[in-house]
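Visitor: Please see the structure below; I have some questions.
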Amino acid sequence: MPELPELEVVREVLERRLLSRRIQRVTLAPKGGPLVVRDLTARGFILGLAGESIAGIQRRGKFLVFRLAPSERFLVVNPKLSGRLQLCPPEEKKAGPVHVVLHFGDPPMELRYVDAKTMGQVYLTERLQDVPTFEEMGPDALAVSLDEFRSRLRPLRGEIKGILVRAPFIAGIGNAYADEILWQAQLHPFRKRTSLTPPEVDRLFDSIGSVLRAAIDQVRLQMGDNVHLKPRDFFAVHMRSGEACPRCGTPVSAITANQRITNFCRTCQPGGLLRGMGSAR
């Protein structure tokens, strides 16, 4: 799943390459297009985009928002588990199953929405509040203050990793970066929020900022303008089961719980395991 660092770099690239450029036409794949496209304007997705220009691009959590002119409508991309964008000349090889293409001219360029599982959505809307779950998001993970973080965390009672990936708490963190943040903070992912001390809460907040900002720098360096890439070879623990922890050398553990794989170091992130979590290595 693309998370905040990848999408922030994608936003930077697309803003630099597409700002003020006019959409000449739009094509939808007959099979996948209708599955991912959502026209919330009742004007028609293709007709509503053709002739519009990209007036601005923002990221909100794990959404990308394209502001259109002159209509003042929005194109909103929620890539979810497997969606991504590809910006390239028309002759370039497809990065995967393409469901939506925005065609730009002079020079010819395509912005493709690629999704192997057709799980994401691409919305055309006049009001961002009409996009499902958009208004439910909490503050962005890179914009929340320490005081607000403490205040939002205080009433919650669940496991700390489950809280981190919950968009109504703070937006932008998914499974992969939650693992990295908790490793950096030296907190066991399945500890209850109520067990965290005030210094641990502050350490968690600091780790969110440091991990995400460092990841943005790494992604920017490795991705370049190839926005369909998802570089993650710099991770410390996520998807590194059995490899040595970069901090202490203990083999990285993996637990399958809540339909996701969690990676952590048993030495650096002590806390014990609960029954019923699934398989552990």
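The values are calculated or read from the model by the stated rules, or taken from the named source; none is laboratory data. Just so you know, these numbers come straight off a predicted model, no measurement behind them. Because the Cβ atoms are built from the backbone with ideal geometry, glycine has one as well, and the counts that use them run over all protein chains shown. Surface areas here come from the heavy atoms of the whole protein model, side chains and all, with no ligands, DNA or RNA. Shrake-Rupley method; radii C 1.70, N 1.55, O 1.52, S 1.80 Å.
Visitor: Across the range 122-281, what fraction of all alpha-carbon pairs, as a whole percent, falls in each successive 5 Å bin from zero upward?
Guide: Reading the bins upward from 0: 1, 8, 16, 20, 19, 16, 11, 5, 2, 1, 0.
Visitor: Shifting gears a bit: Applying 1/(1 + (r/R0)^6) with R0 = 22 Å to the Cβ-Cβ distance of Ala69 and Glu126, what FRET efficiency is obtained, to the nearest 0.05? Display every interim value, and only then the final one.
Guide: Numbers: r = 13 Å, r/R0 = 0.61.
My answer for the efficiency is 0.95.
Visitor: Using a Debye calculation, one point per C-alpha and no hydration shell, please list log10 I(q)/I(0) for the range 1-48 at q = 0.16, 0.17, 0.25, 0.29 Å⁻¹ in order.
Guide: -0.72, -0.80, -0.99, -0.96
Visitor: Please state, as a whole number in µm²/s, the translational diffusion coefficient that the Stokes-Einstein equation yields for the range 41-194 at 10 °C and 1.306 mPa s, with Rh defined as the Kirkwood radius across alpha carbon pairs. Please report the intermediate quantities before stating the final value.
Guide: Values: Rh = 17.6 Å.
Roughly 90 µm²/s, to the nearest whole number.
Visitor: Now for a separate question. From the phi angles alone, apply the Karplus equation (6.51, -1.76, 1.60; θ = phi - 60°) to the range 187-196 and give each ³J(HN,Hα) in whole Hz, x where the residue is Gly or Pro.
Guide: Result, rounded to whole Hz: 10, 5, x, 9, 5, 6, 4, 5, 8, 6.
Visitor: Let me ask something additional. Between Ser151 and Asn226, what length comes free when the chain is fully extended (0.36 nm per residue of separation minus the Cα-Cα distance, one decimal in nm)? Write out the running numbers ahead of the final one.
Guide: Working: separation 75, 0.36 × 75 = 27.00 nm, distance 3.86 nm.
Extending this stretch completely gives an extra 23.1 nm.
Visitor: Also, quick follow-up: How many percent of all Cα-Cα pairs in the range 72-152 sit more than 14 Å apart? Mind showing how you got there, number by number?
Guide: Values: 2278 of 3240 pairs.
Percentage above 14 Å: 70.
Visitor: Something else: As a quick test, which of the pairs Lys31/Lys80; Lys80/Lys230; Lys192/Lys230; Lys80/Lys161; Lys31/Lys117; Lys62/Lys230 have an alpha carbon distance above 21 angstrom in this structure? Mind dumping the intermediate values first?
Guide: Working: Lys31/Lys80 19 Å; Lys80/Lys230 14 Å; Lys192/Lys230 31 Å; Lys80/Lys161 18 Å; Lys31/Lys117 12 Å; Lys62/Lys230 14 Å.
The answer is Lys192/Lys230.
Visitor: Could you do me a favour and compute the accessible area per residue for the chain, 1.4 Å probe, result in Å²? Can you show the working numbers first?
Guide: Numbers: 12810 Å² over 281 residues.
So the chain comes to 46 Å² accessible per residue, rounded to a whole number.
Visitor: Taking the radius of gyration and the Kirkwood hydrodynamic radius from Cα positions alone, what is the Rg/Rh ratio for the chain, to two decimal places?
Guide: Values: Rg = 20.1 Å, Rh = 20.0 Å.
Ratio value, two decimals: 1.00.
Visitor: Given a 1.4 angstrom probe, I'd like the percentage of the accessible area of the chain that is carbon and sulfur, rounded to a whole number. Walk me through the intermediate numbers first.
Guide: Details: 6650 of 12810 Å².
Ligands and nucleic acids excluded, carbon and sulfur reach 52 percent.
Visitor: Here's a follow-up. Evaluate the relative contact order of the chain (contact order divided by residue number), counting alpha-carbon pairs under 8 angstrom at least 6 apart; express in whole percent.
Guide: Reported relative contact order: 17 percent.
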